[in-house]
1. In degrees, nearest 10, range 0 to 90: what is the angle between the Cα axis of helix 17-28 and the longest Cα principal axis of the chain?
2. Given H placed 1.01 Å from N in the peptide plane, which residues other than close sequence neighbours of Tyr105 have an amide H under 5 Å from its amide H?
3. Going by how many other beta carbons lie within 10 Å of each one, how would you line up Ile104, Ile123, fewest first?
4. Run lengths n ≥ 4 of DSSP H only: what is the helix-derived mean residue ellipticity at 222 nm for the chain, with -39500 (n - 2.57) per run over all residues, to the nearest 500?
5. List the extent of the Cα atoms of the chain along each of their three principal axes, largest first, rounded to whole Å.
6. Which of the trypsin sites (Lys or Arg not before Pro) found in region 83-113 are loop residues per DSSP with 15 or fewer other Cβ atoms within 10 Å of their Cβ?
7. Please report Lys81, Lys75 as a ranked list, fewest other C-beta atoms within 10 angstrom at the top and most at the bottom.
8. Take Val115, Val39, Val89 and order them by how many other Cβ atoms sit within 10 Å, fewest up front.
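Values quoted throughout were computed directly from the atomic coordinates according to the rules given, and no laboratory measurement underlies them. Predicted, not measured: the structure shown is a model, and the values here were computed from it. Every residue, glycine as well, gets a Cβ built from its backbone with ideal geometry; the counts of neighbours run over all protein chains shown.
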Amino acid sequence: MSNIEKCCLAFKCGCPDNAMMNFAKEHLGYKHNKGLDFVGRFNKQFVIGEAKFLTDFGGHQNAQFNDAISTIQTKGVKAVKIAILDGVVFIEGKNKMYKSITEIYKDYNIMSALVLREFLYQI
């Protein structure tokens, strides 16, 4: 199995964030100084992503949310960028995170881990 194939299994097998980040920097033009939680290849397209489980509103959880958003906003990457978010972010209301994913970032690939498989198969 090649290094590329190993990195494509990273999310499932637990490849270290920095190994995925180094792969993305070397092969996909990723220039963000943030480790990745997901690197994969589906239907001949690479996919990179950040995964967060957000348990509350405000404070550190907003910083975690912003980490995921900054990953999908990274310019010049030769891959589909996704944010895999779960937890309170999907609770409908006037909170900042919900408003952000339904208004400001509605055209970005933001999803729950529950629909990740379906998303990857439709690429």
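1. 70
2. Under 5 Å from the amide H of Tyr105 lies no amide H from a residue far enough along the sequence or on another chain.
3. Numbers: Ile104 11, Ile123 14.
So the residues, fewest neighbours to most, are Ile104, Ile123.
4. Estimated from H runs of four or more residues: -10000 deg cm²/dmol.
5. Principal extents (largest minus smallest coordinate, Cα): 47, 29, 26 Å.
6. Details: sites: Lys94, Lys96, Lys99, Lys106; in loops: Lys94, Lys106.
Loop-located and lightly packed - Lys94, Lys106.
7. If I rank by nearby Cβ atoms, fewest first, I get Lys75, Lys81.
8. With the sparsest Cβ surroundings first, the list reads Val115, Val89, Val39.
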